[in-house]
1. For the stretch 406-437, how many residues meet the condition of being surrounded by 14 or more Cβ atoms within 10 Å (Cβ to Cβ) and touching a residue at least 60 places away in the same chain (Cβ under 8 Å)?
2. Looking at the stretch 230-258 only, could you name the residues that are within 16 Å of ligand 2 (Cβ to nearest atom) and surrounded by fewer than 19 Cβ atoms within 10 Å (Cβ to Cβ)?
3. Could you please find all residues in the stretch 199-235 being touching a residue at least 40 places away in the same chain (Cβ under 8 Å) and over 18 Å from residue 125 (Cβ atoms)?
4. Which one of 148, 187, 168 is among the small types (Gly, Ala, Ser) and over 20 Å from residue 250 (Cα atoms)?
5. Can you pull out every residue in the stretch 335-379 that is within 10 Å of ligand 1 (Cβ to nearest atom) and without any contact (Cβ under 8 Å) to a residue 60 or more places away in the chain?
6. Conditions first: (1) more than 23 Å from residue 371 (Cα to Cα); (2) under 13 Å from the mean Cα position of the chain (by Cα). Residue 306 passes all but one, so which condition is the exception?
7. Show the residue pairs meeting these rules: Cβ distance below 6 Å; 6+ apart or different chains; first residue within the stretch 631-655 and assigned to a helix (DSSP H, G or I); second residue among the charged types (D, E, K, R).
8. Report the residue count in the stretch 346-377 for those that are in contact with a Leu (Cβ under 6 Å, 6 or more places away or on another chain) and within 13 Å of ligand 2 (Cβ to nearest atom).
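The values are calculated or read from the model by the stated rules, or taken from the named source; none is laboratory data. Note that this is a predicted model, so its numbers are computed, not measured. Cβ placement follows ideal geometry from the backbone for every residue including glycine, while neighbour counts extend to all protein chains displayed. Surface areas here come from the heavy atoms of the whole protein model, side chains and all, with no ligands, DNA or RNA. Shrake-Rupley method; radii C 1.70, N 1.55, O 1.52, S 1.80 Å.
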Amino acid sequence: MAGEGREVFDAFPEWVKVTFYVLAAATIAVFALGVWLRARRYWRARRGIGRFNHLIRRAWDAVKEVTLVRSRIWRHDRYAGIAHDLTLWGFGVLFLGTVILTVDEDVLHLFFGFRVLTGAPYLVYSLVLDLFGILLLVGIAMLIYRRARGTPRLRYGERDVSEGVSVARSILDDRLFLSLLVLAGIAGFLAEGIRIYRDGTGFAQEWSPVGVALAWLIGATGASDGAAFTTHMAVWWIHAVGALALVAYIPYSKALHMLAGFGSLAFHDENAGRRLEAPAYAEPGGFARLSDFSWAQLLHLDACVRCGRCDDACPAKASGLPISPRGLILELKSFAGRVKGGTAKAVVGNAIEASTLWSCATCMACMDACPLRVEHVPLIVEMRRYLVAQGALDAGVQRALEGLSRYGNSFGKPARARAKWTPKGNGSVRDARKEAVEYLWFVGDFASYDPRLQQLTAMTAATFAKMGLDFGIMHEDERNSGNDIRRLGEEGLFTMLRDANVEALNACRYRDVVTTDPHTYNTLRNEYPNLNGGRVLHYTELLDEMIRRGRLRFSKKLGYRVTYHDPCYLGRYNGVYDAPRNVLKALGAELVEMPRNRCRSFCCGAGGGRVWMTESSVQAERPADLRVKEAAALDGVGILVVACPKDYVMFLDAVKSAGAEDRLVVKDLIELVEEAL
Ligand code: SF4
Ligand code: SF4
C-alpha cells in the first residue's frame, strides 16, 4: 500500500532501541579507533613517496577494479572471482541499505518528521535488499565450500603465513569473518520473515520474496503471537549484534582489506618493480627499521588477504627455496604491528631472513598475480639494499660485483674483450662511436662475454646485417646496464654503471637503441634518462616492426612446431607478448603455448642477480628445470624458443640435466629468423 513503510524497531520495547544505539555508538568508536591506529602508523611512516598525483583517476580506477572490472580477482580463477563479487555486491548493497534506513529513521524522521522509505520507494528498497541478501549468502556459501574442499593455497603452512601471525590465528580470523557475515545475513532474513508473519500480508509484502517465503514456513509451524514476538526479538538481536560486531571487527582483521585494499589499488605505482625508486632513507644503509617503510608500503601490507595467489605463482617457492611471497608480506605486516615506529630493531634478521631475500628472482609473478596490487619486489629490493650495506653477500654475487666495479662487467673480464665475439676485423659490426647508425645495439654482458653465447651473438650480428639493418655497437665503452645490480640492492654501483653508459651513449649518433637482453631492455627503457629522444627496442619488437613494414621477408616457411618462453623482463615487466609471437607466425612456425604463458610465464630463475649466486642445496628443482619439463610435456613440440640470453643458457643447461636433449632443442628466435632468411 502506497503510504506504508517499515518501523525500524517494530513494536519492540524502548530499551531495545536505547541498547541498540549504545551498542552502535560503541561499534563506531571501536571501528574508528582501529582506523585511527592504522592511519597513525601511515602518518608516522617515511615520507617522500609521492603517490598523490591524478587522485581522481586513481580513485576511479580503483572503483572500476573493485566493482566493475574485477580484472585481477577474476584472472586465472573465475570461481574466486564469482564468489568474491557476489559477497562484495551483496555486502555492499546491504550496508548501503542499512545506511539509508538509518538516515531515514534517525535524521529525516527524527528531525524533519518525514520518511523517504514509504510507498513505492520502500517496495523497491525491500526487493533490492532481498535480492542482494541472496547474492551475499550464495557468495559466502561458495567461499565456505572452497575452504571445506581444501583448496591448497588456502591451507596455510607455517612458512606461508609468518611467525608473527600463526596459522591457527589466520584460520580463526578467516572463519570468524565469514561466520559474522553468515550470521548477520541469515538472521536478517529470519527477522524479516518473522516480522512479515507477525504483520500479516496486508502490506505489499511480496516485494520481500525471501521474507514472505520464510513467513509462510513460520506460519506452517503454528507459532503463537507471543512466541513469534519473542523469537522475532531474539533473531533481530542476533542480526543486529552480528552486523555491529562485523563492522567493529573490520580494522582488526582480514576484513581490513575492504579499506586498505581499496587504498592499495588506488595508490599503487604503475611502474612498481620495473622502475625502482632510489633510496630515500634518513640515513644511508638500506631499508633497516620500521621507520624506513613508506606509508604506501604499510598500506600494501594491510591490504593482503592471505589469498596465496602470489605463493602459487612464485618460481622460487616452487623450486623449494626458503621464500613465500605471502609469508614475507604477512611477516612484515605483523612486524609493523608489533614494533613501534622509531625502534632500532632491524627488519632483516628479526622479521625477514636474508636467505628469503636472496631467494627472489625478481620475476614479478607475485605482483602480477596479486589481486590487491601488493608490491613485493620493491620491498625485497629495499631490504637487499640493507644487506648489501652490511656486506652480507653470497660469494658468487661478491665476485660479480667486484668484476662490475673494476671492469664494468659481471664476468670480471677486461672491457676491451667485450666485443671479442665480433668476426675478425669487426666484419659487419660497425663502431657506433665513430659513425652514425640507425640502431645502436646494446649487446649486454651475457651476450658479449659468455662463451656459450658468443657464437649466437656473432650470428645475431650477421643476421642483422643480412636483414639490411643499419646498426653499430659501443665496443668497450658499453658497461653492464645495471638492471640486475639494482635489483640486487647495489644502488651505488647501478648509478655508476648507468652514468658511464649514458655518457657513452650520448657520445654516439643513433636513432633507436636495440638489445637482445630483456634485463637490459627494462632498465634502459624505464630507469635511464631519455637518451636522445629515440626508442628502446627489444629485437623481437624490431623484427616484428620490420615484418609489418615489409622490410623483412622470409624466403621459406619453417613449419616447426614450437613453444615460446616469455622472459619476465620482456613480458610481465614491459608487456611485450605479441611481438615474438607475430615473428613466429611470420616464420610459419606452429606455436603451441605452455600452460603458463604470457603474464603467467614461469621464470627461469636467473633474474635479480640469482644468476650469479652459488647454487642452493635446498633447491629441490631449479625453476629452469621445471620450465623445461613443462615445455617437454607438450605434444609434438621439439623447439623451445627463447628471446633472452640468460634464458638461453639456463634452458640449455636444464635440457641437459633433464636428459631431454633428444626431445627438446633450445633456440633463440634469431636462429629461426636466420634459417628462414
Ligand atoms: S618476484 Fe618472483 S621469485 Fe620473487 S617472490 Fe615474487 S614470484 Fe617469487
Ligand atoms: S600479497 Fe596479494 S596475492 Fe599474496 S596473499 Fe596477499 S593479497 Fe594474496
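1. Number satisfying all stated conditions: 8.
2. 253, 254, 258
3. 202, 229, 232, 233, 235
4. Answer to the check: 148.
5. 356, 357, 366
6. All conditions are met except number (1).
7. Close Cβ pairs satisfying both conditions: 632/663; 645/517; 648/668; 649/452; 654/625; 655/661.
8. 1
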